[in-house]
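A.B. asks: Input: one structure, supplied below.
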């Protein structure tokens with residue numbers, strides 16, 4: 001997976017379409033730091049340049065969950081997520097997403113409003129099977145805990161390696177950092193926001209979830225999450241949230 005990720009970055013940096021095409025899954029999407037999301041066909045027609053072209057300069061983390069895995073690259077305020085899936089022809093990229101952190105603490109956190117009907121109580125997505133239903137339930141439980149700043153419940157629905165990056169925050173969060181924010185009644189730029197649409201990709205013990213959100217204020221969000229089943233329960237391993245400036249601004 002790491003070898004494929006390095007090859008992807010090199011091919012994208014050189015706009016090498018043939019090499020890039022061999023590394024992309026049919027469902028691949030590229031989301032840049034302005035929230036513009038491109039399909040595989042659009043990327044191969046005119047390859048964008050990745051925001052981190054030399055991974056030797058970045059701090060890298062990677063995790064594998066059977067047939068799906070992710071590579072996280074951090075360089076200053078730039079955070080890049082690559083999600084990879086294992087196919088017959090090897091590892092293929094299914095998500096590339098960029099997040100640019102704020103240069104100062106946020107003045108407010110776009111959210112779901114005071115009642116958090118969506119996504120705490122209902123979500124705008126109909127699960128296709130039992131696995132998706134379980135993930136949706138875990139997602140609503142997580143967002144309800146976040147809305148209530150309940151770190152104890154939040155701890156039960158996120159993995160130990162959890163990380164959150166958002167265009168609305170000035171830093172990336174690990175599990176402990178988010179729990180400490182809740183304990184001090186802070187959102188730090190990250191808060192539950194109404195779900196507009198979602199896609200789920202089921203890989204048995206792991207699920208990739210991509211979704212679009214429209215907060216009560218601020219820009220729309222494109223979010224990527226990875227869920228894994230541990231000890232019979234679903235937990236979130238990551239949440240990358242990119243403000244969709246390109247779609248919201250004239």
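The values are calculated or read from the model by the stated rules, or taken from the named source; none is laboratory data. All figures in this text were calculated on a predicted structure; none of them were measured in a lab. Neighbour counts run over all protein chains shown; Cβ positions are idealised from the backbone, glycine included.
A.B. asks: Regarding region 63-79, can at least one residue be identified that is more than 16 Å from the chain's Cα centre (by Cα), over 21 Å from residue 171 (Cβ atoms) and at pLDDT below 95?
C.D. replies: Within region 63-79, not a single residue is more than 16 Å from the chain's Cα centre (by Cα), over 21 Å from residue 171 (Cβ atoms) and at pLDDT below 95.
A.B. asks: Now a separate question. State which residue is farthest from the chain's Cα centre (by Cα) when the search covers only region 175-190 and only residues that are surrounded by 14 or more Cβ atoms within 10 Å (Cβ to Cβ) and not in a helix (DSSP H, G or I).
C.D. replies: Looking at residues that are surrounded by 14 or more Cβ atoms within 10 Å (Cβ to Cβ) and not in a helix (DSSP H, G or I), I get 186.
A.B. asks: I need a count of the residues in region 202-217 that are out of contact with any strand residue (DSSP E or B) (no Cβ under 7 Å at 6 or more places or on another chain) and more than 19 Å from residue 84 (Cβ to Cβ). Write out each step before concluding.
C.D. replies: Narrowing region 202-217 to residues out of contact with any strand residue (DSSP E or B) (no Cβ under 7 Å at 6 or more places or on another chain): 202, 204, 216-217.
Applying the additional criterion that residues be more than 19 Å from residue 84 (Cβ to Cβ) yields 216-217.
Looking only at that region, the number is 2.
A.B. asks: Are there strands (runs of 3 or more DSSP E) fully within region 61-141 with at least 3 residues that are touching a strand residue (DSSP E or B) at 6+ places or on another chain (Cβ under 8 Å), surrounded by fewer than 22 Cβ atoms within 10 Å (Cβ to Cβ) and not assigned by TED's automatic domain parsing to the domain that holds residue 156? List them.
C.D. replies: Details: elements: 68-75, 78-87, 90-100.
In region 61-141, 68-75, 78-87 are the strands (runs of 3 or more DSSP E) which contain 3 or more residues that are touching a strand residue (DSSP E or B) at 6+ places or on another chain (Cβ under 8 Å), surrounded by fewer than 22 Cβ atoms within 10 Å (Cβ to Cβ) and not assigned by TED's automatic domain parsing to the domain that holds residue 156.
A.B. asks: Starting from region 58-82, take each residue that is on the phi > 0 side of the Ramachandran plot and list its partners that are surrounded by fewer than 16 Cβ atoms within 10 Å (Cβ to Cβ) and part of a loop (DSSP other than H, G, I, E, B), counting only C-beta distances under 8 angstrom and pairs at least six apart or across chains.
C.D. replies: Taking only residues 6 or more apart or on different chains, the pairs are 66/204; 66/205.
A.B. asks: Give region 1-50 a look and list any residue that's surrounded by fewer than 17 Cβ atoms within 10 Å (Cβ to Cβ), in a loop (DSSP other than H, G, I, E, B) and touching a strand residue (DSSP E or B) at 6+ places or on another chain (Cβ under 7 Å), or say none.
C.D. replies: 48
A.B. asks: Hey, residue 112 hits all of (1) over 21 Å from residue 226 (Cβ atoms); (2) out of contact with any helix residue (DSSP H, G or I) (no Cβ under 8 Å at 6 or more places or on another chain) but one; which does it fall short on?
C.D. replies: (2)
A.B. asks: So which residues in region 142-163 are in contact (Cβ under 8 Å) with a residue 12 or more places away in the chain and within 20 Å of residue 215 (Cβ to Cβ)?
C.D. replies: The initial filter retains those residues of region 142-163 that are in contact (Cβ under 8 Å) with a residue 12 or more places away in the chain, namely 142-147, 149-151, 153-163.
Result: 142, 143, 144, 145, 146, 147, 149, 154.
A.B. asks: Checking the condition in contact with a helix residue (DSSP H, G or I) (Cβ under 8 Å, 6 or more places away or on another chain), closer than 23 Å to residue 135 by Cα and not in a loop (DSSP other than H, G, I, E, B), which residue from 201, 162 passes? Break it down into steps so the answer makes sense when it comes.
C.D. replies: On the way: 201 fails: in contact with a helix residue (DSSP H, G or I) (Cβ under 8 Å, 6 or more places away or on another chain).
None of the others qualify; the one that does is 162.
A.B. asks: Does at least one position in region 223-239 carry a residue that is closer than 12 Å to residue 34 by Cβ, out of contact with any helix residue (DSSP H, G or I) (no Cβ under 9 Å at 6 or more places or on another chain), at pLDDT 95 or above and part of a strand (DSSP E or B)?
C.D. replies: Looking only at region 223-239, we keep the residues that are closer than 12 Å to residue 34 by Cβ, and these are none.
No, the conditions are met nowhere in region 223-239.
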